Amino acid sequence: MSRIHEALKKAEQERATSQGGPATQPNLATAAAPESPLLPDESSRAVPPAVPVGMQSNSAVPPFASPFNFDALLARSAQLQWEPDAKTMLFFDKGEAARGAEQFRTLRSRLYHLREKMTLKKILVTSALPKEGKSFTAANLAQVLVRQHGRRVLLIDGDLRAPSLHLMLGTTFSPGLADYLQGESDEFSIIQRGPMENLFFIPSGRQIANSAELVANGRLKLLLQRIEPVFDWIILDSPPAVPVSDASLLAKACDGVLIVVRSNATPFEMARRAKQEFPDQALVGVVLNGADGEFAAYARYYYDPYLKKEPKA
Ligand SMILES: Nc1ncnc2c1ncn2[C@@H]1O[C@H](COP(=O)(O)OP(=O)(O)OP(=O)(O)O)[C@@H](O)[C@H]1O
Ligand SMILES: [Mg+2]
């Protein structure tokens, strides 16, 4: 049984024995690690089409003449006045003292350990079903990563169906990813920044009907190839993996996938089905969201091999 499978099974057992309802306090534990180094998807090397599938041939294609570097990003990205939701965005107001912050620091350390063994910069955060904490995890993971001095982090709302990161961060949703994927915006105009230094955000963009087609049209890989040298981490939020295909399509442009399992809520069968949506080597871990303190030991059990070395971070 793989460690990820064991982790999911453990979460299911906890759910079966627990008497309580879903947790309301942020409390995360992580589990599982890949058995083998992650290999980049071969298709990521394919040259994406210049014009997205389904677009008119005379549609605007973003100009790529200008170089993408950090100075250009600072000069051309919009600096906005975000108003983050203090209840769920753990690192804006209370910083390191917020409840749940420690679990995110642990998750960060584990990702750095994994990064010693594999290419790991672009991480997709997903889960089986709605409301399990994907956006909460993606947003707080991005924040805890950027709190380390000099680290630049890009958070992307890849949930084009029910975007929520802009609400959590208290900012605008457009222009954003959907506009870029349709060839209507360039990368500078979709990336925004707020009050947290070195944290950048691409919102979902204006709502569209054909999100799976757009995500698969090749322009996401083009975008990430172009901008990733500027960032230390890129965190993508996604729709739930079981009902729709967007998450597995988004994962093809990423190095690894984190699956969020909501304690006392996610049925084991659903978590298993979510896992099946991704190649084994892409799965970098399970985030147990809403777990109580006893899950700390559980997390350590799965990560012991990686705790022997100090993190780079
Ligand atoms: N550990 C937690 N502690 C407190 N609030 C949480 C926690 N996890 C999630 N929430 C809150 O629960 C709600 C649902 O979480 P979230 O939006 O992250 O789920 P989701 O999986 O992204 O949902 P969707 O599939 O609809 O995008 C949000 O209001 C979020 O802030
Ligand atoms: Mg969400």
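The values are calculated or read from the model by the stated rules, or taken from the named source; none is laboratory data. Note that the structure is a prediction, hence the values are computed from the model and not measured. Ideal geometry is used to build each Cβ from the backbone, glycine not excepted, and the neighbour counts take in all protein chains shown.
Go over the candidates 119, 171 one by one and state the one that is hydroxyl-bearing (Ser, Thr, Tyr) and farther than 24 Å from residue 279 by Cα. It would help to see each step written out before you state the result.
On the way: 119 fails: farther than 24 Å from residue 279 by Cα.
Selected residue: 171, the only one of 119, 171 that is hydroxyl-bearing (Ser, Thr, Tyr) and farther than 24 Å from residue 279 by Cα.
Of everything in the stretch 151-179 that's away from ligand 2 (no atom under 15 Å from the Cβ) and without any contact (Cβ under 8 Å) to a residue 60 or more places away in the chain, which residue is nearest to residue 250 (Cα to Cα)?
Residues of the stretch 151-179 away from ligand 2 (no atom under 15 Å from the Cβ): 151-154, 170-172, 174-175, 178-179.
Then drop every residue that is not without any contact (Cβ under 8 Å) to a residue 60 or more places away in the chain, which leaves 174-175, 178-179.
Values: 174: 20, 175: 19, 178: 13, 179: 16 Å.
It comes out as 178.
Tally up the residues in the stretch 109-144 that are closer than 18 Å to residue 252 by Cβ and more than 14 Å from ligand 1 (Cβ to nearest atom), please.
Residues in the stretch 109-144 being closer than 18 Å to residue 252 by Cβ and more than 14 Å from ligand 1 (Cβ to nearest atom): 6 in total.
Please go through the stretch 257-271 and pick out each residue that is touching a helix residue (DSSP H, G or I) at 6+ places or on another chain (Cβ under 6 Å) and more than 16 Å from ligand 1 (Cβ to nearest atom).
Selection gives 268 alone.
Looking only at residues in the stretch 219-261 that are assigned to a helix (DSSP H, G or I) and β-branched (Val, Ile, Thr), which one is surrounded by the fewest Cβ atoms within 10 Å (Cβ to Cβ)?
Residues of the stretch 219-261 that are assigned to a helix (DSSP H, G or I), as a first pass: 219-230, 246-251.
Restricting the remaining residues to those that are β-branched (Val, Ile, Thr) gives 227, 230.
Numbers: 227: 21, 230: 17.
Ranking the qualifying residues of the stretch 219-261, first place goes to 230.
What's the number of the condition residue 79 fails, among (1) farther than 20 Å from residue 155 by Cα; (2) modelled with pLDDT of 95 or more?
Only one criterion is unmet by residue 79, namely (1).
Which helices (runs of 4 or more DSSP H) does the stretch 149-203 wholly contain that include 1 or more residues that are of a type in the set (S, T, N, Q) and either within 20 Å of residue 136 (Cβ to Cβ) or away from ligand 1 (no atom under 14 Å from the Cβ) (or both)? Spell out how you get there, then give the answer.
Numbers: elements: 165-169, 177-181, 187-190.
In the stretch 149-203, 187-190 are the helices (runs of 4 or more DSSP H) which contain 1 or more residues that are of a type in the set (S, T, N, Q) and either within 20 Å of residue 136 (Cβ to Cβ) or away from ligand 1 (no atom under 14 Å from the Cβ) (or both).
Could you tell me whether the stretch 160-174 includes any residue that is of a type in the set (Phe, Trp, Tyr) and touching a Leu at 6+ places or on another chain (Cβ under 6 Å)?
First pass over the stretch 160-174, keeping only residues of a type in the set (Phe, Trp, Tyr): 173.
Still in the running and touching a Leu at 6+ places or on another chain (Cβ under 6 Å): none.
For the stretch 160-174, residues of a type in the set (Phe, Trp, Tyr) and touching a Leu at 6+ places or on another chain (Cβ under 6 Å): absent.
Sort out which residues of the stretch 178-199 are surrounded by 19 or more Cβ atoms within 10 Å (Cβ to Cβ) and under 19 Å from the mean Cα position of the chain (by Cα), and write them in order of number.
If the condition is that a residue be surrounded by 19 or more Cβ atoms within 10 Å (Cβ to Cβ) and under 19 Å from the mean Cα position of the chain (by Cα), then 178, 180, 181, 187, 190, 191, 192, 193, 194, 196, 199 are the ones that fit.
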